[in-house]
Amino acid sequence: MPASTVRKRSRSRIVGAVALAAGASLMLAACGSTKDTASAGSGGTGKVGVILPLLTSPFWQSYNDYVPKMAKSEGVQVLKTVNSNSDPSQQITDIDNELTQGVKGLVVAPLDSAAIQAGLDQAERKGVPVVAVDVAPDKGKVAMVVRADNVAYGEKACDYLGAHITSGKVVQIMGDLASVNGRDRSQAFRSCVKKKYPKLKVLEVPAKWESDTAAAKLDTLLGADPDIKGIYLQAGGVYLAPTLQTLKSKNMLKPAGAQGHITIVSNDGIPQEFDAIRKGQIDATVSQPADAYARYGLYYIKAAMAGKTFKPGPTDHGSTIVELPGGILEDQLPAPLVTKADVDDPKLWGNTVK
């Protein structure tokens, strides 16, 4: 059975279960400082489980490498990370397994914004706080979402392509629309182009964060539309290599400045994207902060385990906590656009990975 079919059936089972689950309330408190709540909390101590969505992407490989380093600096006791291997159903099982091991907190990068509620409800029933990293849940109780502004990702890609391409076809290779990240980036890019750059025509490749799917669909699209002028990769970690290989196989991979160059903007900020910018293969990427995701995911779970909470407003680390629909709080970390002009900036996490 194809993996996509398994995933769809797994997601259907999970979403059905989620529909029966009760909604959850959200913790609120003071921003920039914390205050103790009178309810639960393990005093900020105890084992923490960290659940990854996948490890086939260099971005998530880097995040995984940062977790033990940041755990040490934040004084958090983490178990060995768990890889859900791109399967939302497996992720719920992973959460249950971690709870069975007696963890006092969970840091989870959700694969499916709706399906994750089943796991969040399990944790809430056991009084275990959860911090979501990278993807916000649609429903369910989390102490904090640690994430960057994914709407801004799509808008930054749109503005970069719009500034360099006067008219013609541009492609966005989309993420999984079951994830709020895929939805935010896709809709933001689409809306921005329509509003600000009406001479651009957007073609779309739904790829579900799958490299093979991206390569196959892009190959088909280029066969029908060989005159594209720009590409937006919603996840360089999984889409960069197949995109460059597909373009190369069709003799369409031209360096920046050469006639026929296709302007490419990516998302992630991995070292491979930086190398591609230096070589002129792509033009820009949005640096999604893998290091800060690990650091503040652990920072917030330690705070939640100690019974501390937060409220919307500026933080002391250059970000802003916002309130999402449903009352969920999200710490929106900075995610700068990187081009050839600043690709060698030593402050970028992609330049610190060995």
Contact list, first residue from region 264-286 and on the phi > 0 side of the Ramachandran plot and in contact (Cβ under 8 Å) with a residue 40 or more places away in the chain, second anywhere and part of a strand (DSSP E or B) and of a type outside the set (Phe, Trp, Tyr), beta-carbon distance below 8 Å, six or more apart or interchain, is Asp268/Thr285; Asp268/Val286; Asp268/Ser287; Gly269/Thr285; Gly269/Val286; Gly269/Ser287; Gly269/Val338
Over region 65-96, the set of residues farther than 25 Å from Ala306 by Cβ, open to solvent by less than 40 Å² (accessible area, probe 1.4 Å) and either touching a helix residue (DSSP H, G or I) at 6+ places or on another chain (Cβ under 6 Å) or not small (Gly, Ala, Ser) (or both) is Ser84, Pro88, Ser89, Gln91, Ile92
Evaluate the following for Gly269: is it surrounded by fewer than 18 Cβ atoms within 10 Å (Cβ to Cβ) and small (Gly, Ala, Ser)?
-> no
If we ask which residues in region 254-312 are farther than 26 Å from Asp159 by Cβ and among the hydrophobic types (A, V, I, L, M, F, W, C), their number turns out to be 8
In region 181-216, anything surrounded by fewer than 23 Cβ atoms within 10 Å (Cβ to Cβ), hydrophobic (A, V, I, L, M, F, W, C) and closer than 25 Å to Pro325 by Cα is listed as Ala188, Cys192
Counting only helices (runs of 4 or more DSSP H) entirely within region 204-308, those with at least 2 residues that are acidic (Asp, Glu) are 211-224, 271-279
Of (1) in a strand (DSSP E or B); (2) over 26 Å from Pro53 (Cα atoms), Asp331 fails just (2)
Checking Lys141, Lys169 in turn, the sole residue that is open to solvent by 20 Å² or more (accessible area, probe 1.4 Å), more than 15 Å from the chain's Cα centre (by Cα), more than 30 Å from Lys217 (Cα to Cα) and modelled with pLDDT of 95 or more turns out to be Lys141
The residue from Ala29, Ala40 that alone is at pLDDT below 60 and either in a helix (DSSP H, G or I) or open to solvent by less than 30 Å² (accessible area, probe 1.4 Å) (or both) is Ala29
Checked Gln259, Gln281, Gln332 against criteria (open to solvent by 30 Å² or more (accessible area, probe 1.4 Å), under 20 Å from Lys229 (Cα atoms), modelled with pLDDT of 95 or more and in contact with a strand residue (DSSP E or B) (Cβ under 9 Å, 6 or more places away or on another chain)); the one match is Gln281
Item to complete: Looking only at region 49-64, decide whether some residue is surrounded by fewer than 16 Cβ atoms within 10 Å (Cβ to Cβ), closer than 26 Å to Val353 by Cα and over 16 Å from the mean Cα position of the chain (by Cα).
Response: no
### Query
So is Gly49 assigned to a strand (DSSP E or B), at pLDDT 50 or above and not charged (D, E, K, R) or not?
yes
Within region 150-166, of all residues that are free of Cβ contacts under 8 Å to residues at least 60 places away in the same chain and either open to solvent by 10 Å² or more (accessible area, probe 1.4 Å) or on the phi > 0 side of the Ramachandran plot (or both), the one nearest to the chain's Cα centre (by Cα) is Val151
For region 217-230 the number of residues that are loosely packed, with under 15 Cβ neighbours inside 10 Å and touching a residue at least 40 places away in the same chain (Cβ under 8 Å) is 2
| Right, Gly350: open to solvent by less than 10 Å² (accessible area, probe 1.4 Å), assigned to a helix (DSSP H, G or I), in contact with a Pro (Cβ under 6 Å, 6 or more places away or on another chain) and touching a residue at least 12 places away in the same chain (Cβ under 8 Å) or not? | yes
Next item on the list: Using the structure shown, decide if Asp112 is open to solvent by less than 20 Å² (accessible area, probe 1.4 Å), in contact with a helix residue (DSSP H, G or I) (Cβ under 7 Å, 6 or more places away or on another chain), under 17 Å from Gln288 (Cβ atoms) and not aromatic (Phe, Trp, Tyr).
Entry: no
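The values are calculated or read from the model by the stated rules, or taken from the named source; none is laboratory data. Model, not experiment: these values are computed from the prediction. Every residue, glycine among them, receives a Cβ derived from its backbone with ideal geometry; neighbour counts consider all protein chains shown. Keep in mind that these areas ignore ligands, DNA and RNA; they rest on the heavy atoms of the full protein, side chains included. Shrake-Rupley method; radii C 1.70, N 1.55, O 1.52, S 1.80 Å.
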